[in-house]
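S.K.: Encoded as structure tokens, here's the structure I'll be asking about.
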Amino acid sequence: MADKKQEDFNTQMEEENLKAAETADTQAAAAAEAGAEANAEQAAEDTEKADGQAQEESQPDPLEQAQQQLEMLKDQYLRSVAEFENFKKRTIKEKAELIQNGGAKTVVAILPILDDFERALADQSEDPKAIREGMQVIFNKFIQSLEGLGVKKIDALEKDFDTDYHEAVAMVPGMGDEKKGKVIDCLQTGYTMNDKVIRHAKVAVGQ
């Protein structure tokens, strides 16, 4: 009888121990699950914070952007100034070369005339007609050289007086209505170069 009670007692203790063990396992599993959920929430929160921080870091600083743009504009300005200075120097140089080359072209054109004068002076002929003919040849050649440079004589005689081409140095009265306001004599020939007056013709005008 005593053995039976002892056996029942042992069985009851084993069941209680088993239940206690199951309860402990359940509590441990619940605690583990709660810990995992907490860890997951913390991890999600940390990820969200990290994403927000990364997004903030990825957005450019407005002040830094403005400074970069200012540096870019400053660089463009300095480049433009340098290019303009180079252009101005190049233009001045080309203009100076053009003037020098233009002068050289004129000299080259009249050098053959100088040669003709030297030959005429070296000629010992005393024939007035031959001398005159030689001078006429040199004169005609000189006129051709001037025309090659764009220089032309201004026609003045019998033309209406025009201040764009003529300079009146004398007024001649009593010439009649037909001669009034017209050039009746040219005291000094005028010339144009490339259609621009380089010397006005000095004329006498009827009145």
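The values are calculated or read from the model by the stated rules, or taken from the named source; none is laboratory data. Keep in mind it's a predicted model, so treat the numbers as computed, not measured. Cβ placement follows ideal geometry from the backbone for every residue including glycine, while neighbour counts extend to all protein chains displayed. Heavy atoms of the whole protein, side chains included, go into the accessibility calculation; ligands, DNA and RNA do not. Shrake-Rupley method; radii C 1.70, N 1.55, O 1.52, S 1.80 Å.
S.K.: Counting only residues that are within 12 Å of residue 204 (Cα to Cα) and of a type in the set (Val, Ile, Thr), which one in the stretch 155-188 is most open to solvent (accessible area, probe 1.4 Å)?
M.R.: If we take residues in the stretch 155-188 being within 12 Å of residue 204 (Cα to Cα) and of a type in the set (Val, Ile, Thr), then 169 is most open to solvent (accessible area, probe 1.4 Å).
S.K.: Which one is modelled with the lowest pLDDT, of the residues in the stretch 189-207 that are open to solvent by 40 Å² or more (accessible area, probe 1.4 Å) and farther than 16 Å from residue 146 by Cβ?
M.R.: Per the criteria, the residue is 207.
S.K.: Pick from the stretch 100-117 the residues that are hydrophobic (A, V, I, L, M, F, W, C) and within 17 Å of residue 151 (Cα to Cα): which of them is least open to solvent (accessible area, probe 1.4 Å)?
M.R.: It comes out as 113.
Table: residues versus (1) in contact (Cβ under 8 Å) with a residue 12 or more places away in the chain; (2) of a type outside the set (Lys, Arg); (3) part of a strand (DSSP E or B).
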residue	(1), (2), (3)
117	yes, yes, no
125	no, yes, no
163	no, yes, no
168	yes, yes, yes
174	no, yes, no
183	yes, yes, yes
192	yes, yes, yes
202	yes, no, yes
205	yes, yes, yes
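S.K.: Within the stretch 118-140, can you find the residues that are surrounded by 14 or more Cβ atoms within 10 Å (Cβ to Cβ) and not β-branched (Val, Ile, Thr)?
M.R.: If the condition is that a residue be surrounded by 14 or more Cβ atoms within 10 Å (Cβ to Cβ) and not β-branched (Val, Ile, Thr), then 120, 134 are the ones that fit.
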